[in-house]
């Protein structure tokens, strides 16, 4: 799937470049202006340290590319470019804007470029028949009817393009990670209400504005999205700092000798894999991961450390006490309330727990039993978890854990 999409995007881009160079660039001033906007958007794209990259790291570039695909007139004068020139200009401008990042070793992901190429091609193919049908040669030149239908058509094309990009992004993520397609698509569709809607709205407004006010509309309608992009960069930096704080707090139990090295990280990785298998959304996975990293933080409040930090072997009341202490620590250190709730409820009977707490408890017990049992620990751990599904562990979570381990080669 990945190879097919990347190959199709690359072949289309190269063919479009060759065709455009052979025929010549129509409306060179317009093409240069939009190419400059797209390149600027790529140059100012954000780069967060979060291992889960932003869905649209260059919203200004994406809006400029979409606007060029939806451009039918410039100052009331029909444009002369076609679909292939749209693809060629967008591809060339994307590469030009990304060149400084490439020089620093931060090249844009192939998926990002492929989605950009295939997305603008889809939008341009959908828009060209609309523009031809509503052009004055095929209907009344003046009057509110044409303008209303034209604007409505642009909105419909923007919506279809957003859906196309969401499906393509989910399919690429499915091929790259082997995660379930349904939750991935659901996450992409939910993201359309955020930066995705801003990109679509800005692209449509730029195209309609240029049609009336010519190229002077470009800086006017691009500035708000550029300011939004800069604000998102600050938000991404704050989110990265918060994640680093969570990771440091999670390591505090290891540094103090309460838990073995790497335990929190292993539980977090395993919990996230199980959560993906169960179809949790991106936001739910983030909460799950943070709670898994912090699940042992309550041990810092104990006077006498738990042997090997293995809370799974303790009695129910002692487990609950440590969990409540951990939730209090998360709240006192400024952690999210939903993360604290998962930490607090990880020792409750599974029927009284949220799904994230059920996952953390099973993943924690598995890691601790494997560490205690040695080479045969994987089989023993799963057997013990299955025997305790009457009260402590949800059967569906345990079986999902077994499937994840089988895929990763860590279980039967």
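The values are calculated or read from the model by the stated rules, or taken from the named source; none is laboratory data. Worth saying up front: this structure is predicted, and the values here are computed from it rather than measured. So basically every Cβ, Gly included, is an ideal-geometry build from the backbone, and we count neighbours across all protein chains shown.
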With 265, 251 as the choices, which residue is surrounded by fewer than 19 Cβ atoms within 10 Å (Cβ to Cβ), in a helix (DSSP H, G or I) and assigned by TED's automatic domain parsing to the domain that holds residue 359?
265
What is the residue count in the range 102-129 for residues that are in contact with a helix residue (DSSP H, G or I) (Cβ under 8 Å, 6 or more places away or on another chain) and touching a residue at least 40 places away in the same chain (Cβ under 8 Å)?
18
Hits in the range 280-293 (condition: assigned to a loop (DSSP other than H, G, I, E, B) and surrounded by fewer than 17 Cβ atoms within 10 Å (Cβ to Cβ))
281
Consider residue 315 against the criteria (1) under 26 Å from the mean Cα position of the chain (by Cα); (2) in the same structural domain as residue 343 (by TED's automatic domain parsing): it satisfies all of them except one. Which criterion is unmet?
(1)
Tally, over the range 179-229, of residues that are in contact (Cβ under 8 Å) with a residue 40 or more places away in the chain and over 26 Å from the mean Cα position of the chain (by Cα)
9
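Conditions tested, residue by residue: (1) under 27 Å from residue 324 (Cβ atoms); (2) at pLDDT below 90.
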residue: 372; (1), (2): yes, yes
residue: 376; (1), (2): no, yes
residue: 380; (1), (2): no, yes
residue: 389; (1), (2): yes, yes
residue: 394; (1), (2): yes, no
Given the criterion surrounded by fewer than 18 Cβ atoms within 10 Å (Cβ to Cβ), more than 28 Å from the chain's Cα centre (by Cα) and free of Cβ contacts under 8 Å to residues at least 40 places away in the same chain, identify the matching residue among 320, 371, 331.
320
Here are some conditions: (1) within 17 Å of residue 41 (Cα to Cα); (2) part of a helix (DSSP H, G or I); (3) within 26 Å of the chain's Cα centre (by Cα). Residue 118 meets all but one. Which one does it not meet?
(1)
Restricting attention to the range 294-308, report how many residues are part of a helix (DSSP H, G or I) and buried (at least 20 other Cβ atoms within 10 Å of the Cβ).
3
Inspect all residues belonging to the range 160-179 and state whether any of them is buried (at least 16 other Cβ atoms within 10 Å of the Cβ) and not in a helix (DSSP H, G or I).
yes
Would you check which residues across the range 327-349 are under 19 Å from residue 272 (Cβ atoms) and assigned to a helix (DSSP H, G or I) and list them?
330, 338, 339, 340, 341, 342, 343, 345
